[in-house]
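Reviewing the structure listed below.
Laboratory data are not the source of any read-out in this text; all were calculated from the coordinates shown. A quick note: this is a predicted structure, and the numbers were derived from the prediction, not measured. Note that each Cβ is placed from the backbone with ideal geometry, even for glycine, and that neighbours are counted across all protein chains shown.
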Amino acid sequence: MSTNALHEWAKAYVLSDELSVKFAPPPPPSVAENDPPASACPELRPGHPAVFRRIERAEKSPKAGALRDPKKRAWLFHTFMHHELQAAELMAWAIVAYPDTPVAFRRGLANILLDEVRHMVLYREALESLGCALGDFGVRDWFWQRVPAAKKPAEFCAVMGLGLEAANLDHSRRYSQWLRAAGDPRGADLQDLIGDEELPHVRFALHWFRRFAGATDFATWCAHLPLPLSPVLLRGLPLDVDRRIRTGMDPLFIEQLAAVRFDPMASRS
Ligand SMILES: [Fe+2]
Ligand SMILES: [Fe+2]
């Protein structure tokens, strides 16, 4: 096996356009501190399985009442499945983009990738239980259009773990309530499960953000968000304060995030 086996494995996952690889990658190879360094490849972009039809603009996410319509729920699960796919690909991208980071960080990214893949499978099952299939709805690469602007691993942790994944703690709680009210307890349970399983991902990002950026306060986080991302886009209202506290987030950070009413990034452009 090559000395940069994890690097190659991650690259192959991003580049693959096979559904069978995206939904069931081979197990990640081990990596050691004394493996020769691989060269960074931040320009890496994903291969797209042909079944996914790309659209420029997504329709607005269905609100509470609309989720009584099974078709709307199927659309939701398809969209969430594609978020998970992008998350999995971006964990692999980070392994390739930041080869000089500690081995524990890159190993952790590979483990999170496998969680995201499991979430994809669960969403695919939910979609199929409603009589729909992969490719029945259009998809957008919103995460891919933004996250690779993270030039450094601290920025990646800020946007991915402390941004998109943390926001999913809030969103999944809200959708769980909406799905339950719409008469879909299985869909609601799935939101609860996936929301809970994102907790260690956010905890991981918090740990490494502290290590890479030196602090985890709100101002430091905002300063590491690649433009044009604003904290407003990286939360769901109401915030799931309980879950966020359980990740180890500072209560003051959570208060400040909840209070954002304008775009503090505007002053940075
Ligand atoms: Fe996930
Ligand atoms: Fe995650």
With a Förster distance of 22 angstrom and the Cβ-Cβ distance between GLU56 and LEU233, calculated FRET efficiency to the nearest 0.05 equals 0.75
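Please quote Rg/Rh for the stretch 142-269 to two decimal places, taking the Kirkwood radius as Rh and restricting both calculations to Cα atoms. List each step's numbers first, then the result.
On the way: Rg = 14.6 Å, Rh = 14.9 Å.
Dividing the radius of gyration by the Kirkwood radius yields 0.98.
Order by neighbour count: GLU125, GLU56, fewest other Cβ atoms within 10 Å first, most last.
Details: GLU125 13, GLU56 6.
Fewest-to-most Cβ neighbours within 10 Å comes out as GLU56, GLU125.
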Which value, in debye to the nearest 20, gives the size of the charge dipole of the chain about its Cα centre, when Lys and Arg are +1 and Asp and Glu are -1 at the Cβ? 640 debye
Label ASP100 and ASP189 with points 7 Å out from Cα along Cα→Cβ: what is the distance between them in nm? 4.9 nm
Given points 7 Å out from each Cα along the Cα-Cβ axis, report the VAL241 to GLU43 separation in nanometres with one decimal. 4.8 nm
Can you give the log10 of the normalised intensity I(q)/I(0) at q = 0.14, 0.15, 0.19 Å⁻¹, computed with Debye over equal Cα scatterers of the stretch 176-251? -0.57, -0.64, -0.92
Among LYS152, LYS22, LYS72, whose mean-square fluctuation peaks in a Gaussian network model of the chain (Cα, cutoff 10 Å)? LYS72
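Can you tell me the equivalent ellipsoid semi-axes for the stretch 46-182? Use √(5λ) from the Cα gyration tensor, largest first, whole Å.
Output for the stretch 46-182: semi-axes of 28, 16, 14 Å.
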Likely footprinting exposure, GLU84, GLU89, fewest C-beta neighbours within 10 Å first: GLU84, GLU89
Expressed in nm to one decimal, what extension gain is obtained for the pair ARG68 and ARG118 from 0.36 nm per residue of sequence separation less their Cα-Cα distance? 15.4 nm
Percent relative contact order of the chain, based on C-alpha pairs within less than 8 angstrom and at least six residues apart? 18 percent
FRET efficiency for ARG107 and ARG261, Cβ-Cβ distance as r, R0 = 45 Å, nearest 0.05? 0.70
Per the charge dipole of the chain (beta-carbon charges, Lys/Arg positive, Asp/Glu negative, Cα centre), the residue among PRO231, PRO99, SER39 reaching farthest to the positive end is PRO231
Taking the chain as the region of interest, what is the percent of Cα-Cα pairs per 10 angstrom bin, listed from the shortest bin to the one with the maximum distance? 7, 30, 36, 22, 5, 0
